[in-house]
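Everything on this sheet refers to the single structure shown next.
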Amino acid sequence: MGELKRVVNFNQAAKMREVDEQIQKQVDKKSKMYAGDFKRFETYCQTKGLEVSFDSLRAYLLDTIQEGFKLSTFNRRAAGVKHFLVNELGQSETDEQAKSVAFLRQIYNDVEFAEQKLVRGQAAQPKDEVLHLIEKLDTRAKAISLFNLVTACRPSEMVLIKVDHIDLSNRSVNVFMKKQKEWHNKRLTLECVNALKSYFKKYGLKKDDYLVGEVNKGGRYISKQISDTAYRKSIHNWLGFAPYTLRKTQVSSMHEAGADLATIAKQSGHKNLETINKHYLSVNDRTVDKFL
């Protein structure tokens, strides 16, 4: 009985260590993501002669508002600094301090700060014009751009896609959505499938190769996962606008063609239908123009 208890205790301790290690990995990821935000907060505290604390965070956030920064910046700074104060410095946020941050955020609802809530993203473009641009590209750029347009993928999703995730015969692709941490199946058009076939054949892509990958100065394809930033630069060089324009163009085009929000969500990978309605469909006025 004693031996069994020791085995159970050993297994329990080993499993808990594994859990702690995985949790720490996630904490480290966030720390890396928010490192720049916290560094700016530390510099702010040094400049103002304040201690690095939750009380000083309130002053930092008020200055963020008064200096004209957007609500999105306010939210990132609040989240980033809080993460470091709790997980790196071991501080605790009181209920009163948390309420203070919430009240500060409400300042953006006041008329004089309303402009700072306005988000100006990339606008959708007429799909026929985008397709005309894509048609002029070389084999690789055309296939990738057309694929991005049809699937309405985010840059973070595009750089993860491998040839093996694409089913050309069934005109579909399995996409891992980093934002939602799950796989999602999307449809492809026949035009897109043919462009992909030409691309795969020209560069000899195999199942384990990345869809985007990289092409060196000599024109040789290299199978590697590139960064979101590198992908954005590629699309901008090819088409003159950001990848999100492709995503918004596809969503807007589907809506103009009569698709309901659920159908659009299935292709775009949105979980929240309200997000589509608020942030994607409203960016294109062509639907309204037809009825004026």
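Restricting attention to the stretch 202-224, report how many residues are surrounded by 14 or more Cβ atoms within 10 Å (Cβ to Cβ) and either of a type in the set (A, V, I, L, M) or touching a Gly at 6+ places or on another chain (Cβ under 8 Å) (or both).
So the first thing to find is which residues in the stretch 202-224 are surrounded by 14 or more Cβ atoms within 10 Å (Cβ to Cβ), and the list is 203, 205, 209-215, 221, 223.
Checking which are either of a type in the set (A, V, I, L, M) or touching a Gly at 6+ places or on another chain (Cβ under 8 Å) (or both) leaves us with 205, 211-212, 215, 221, 223.
Here the count works out to 6.
Could you tell me which of the residues ASN174, ASN148, ASN194 is on the phi < 0 side of the Ramachandran plot, modelled with pLDDT of 95 or more and touching a His at 6+ places or on another chain (Cβ under 7 Å)? Matching residue, one of ASN174, ASN148, ASN194: ASN174.
Please work out if LEU50 is farther than 27 Å from PRO155 by Cβ and at pLDDT 95 or above. It would help to see each step written out before you state the result.
Values: farther than 27 Å from PRO155 by Cβ: yes; at pLDDT 95 or above: yes.
Here the answer is yes, as LEU50 does meet what is asked.
Please go through the stretch 60-86 and give me each residue that is touching a residue at least 24 places away in the same chain (Cβ under 8 Å) and either surrounded by fewer than 16 Cβ atoms within 10 Å (Cβ to Cβ) or outside the structural domain of THR43 (by TED's automatic domain parsing) (or both), ordered by number. The answer is LEU62, GLY68, PHE69, SER72, ASN75, ALA79.
Select the helices (runs of 4 or more DSSP H) contained entirely in the stretch 55-157, then report the ones holding at least 3 residues which are among the acidic types (Asp, Glu).
Numbers: elements: 71-87, 95-105, 127-135, 139-151.
The qualifying helices (runs of 4 or more DSSP H) are 127-135.
The numbered conditions (1) within 19 Å of PHE41 (Cβ to Cβ); (2) surrounded by 10 or more Cβ atoms within 10 Å (Cβ to Cβ) are all true for SER92 except (2). Restrict the check to the stretch 213-224 and report whether at least one residue is touching a Ser or Thr at 6+ places or on another chain (Cβ under 6 Å) and small (Gly, Ala, Ser). Yes, that holds for at least one residue.
To keep it simple, each residue is scored yes or no on (1) part of a loop (DSSP other than H, G, I, E, B); (2) in contact (Cβ under 8 Å) with a residue 12 or more places away in the chain; (3) touching a helix residue (DSSP H, G or I) at 6+ places or on another chain (Cβ under 8 Å).
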position	(1), (2), (3)
LYS201	no, no, no
LYS207	yes, yes, yes
LYS217	yes, no, no
GLN225	yes, yes, no
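The values are calculated or read from the model by the stated rules, or taken from the named source; none is laboratory data. Since the model is a prediction, treat every value here as computed from it, not as a measurement. Cβ atoms come from the backbone with ideal geometry, glycine included; neighbour counts cover every protein chain shown.
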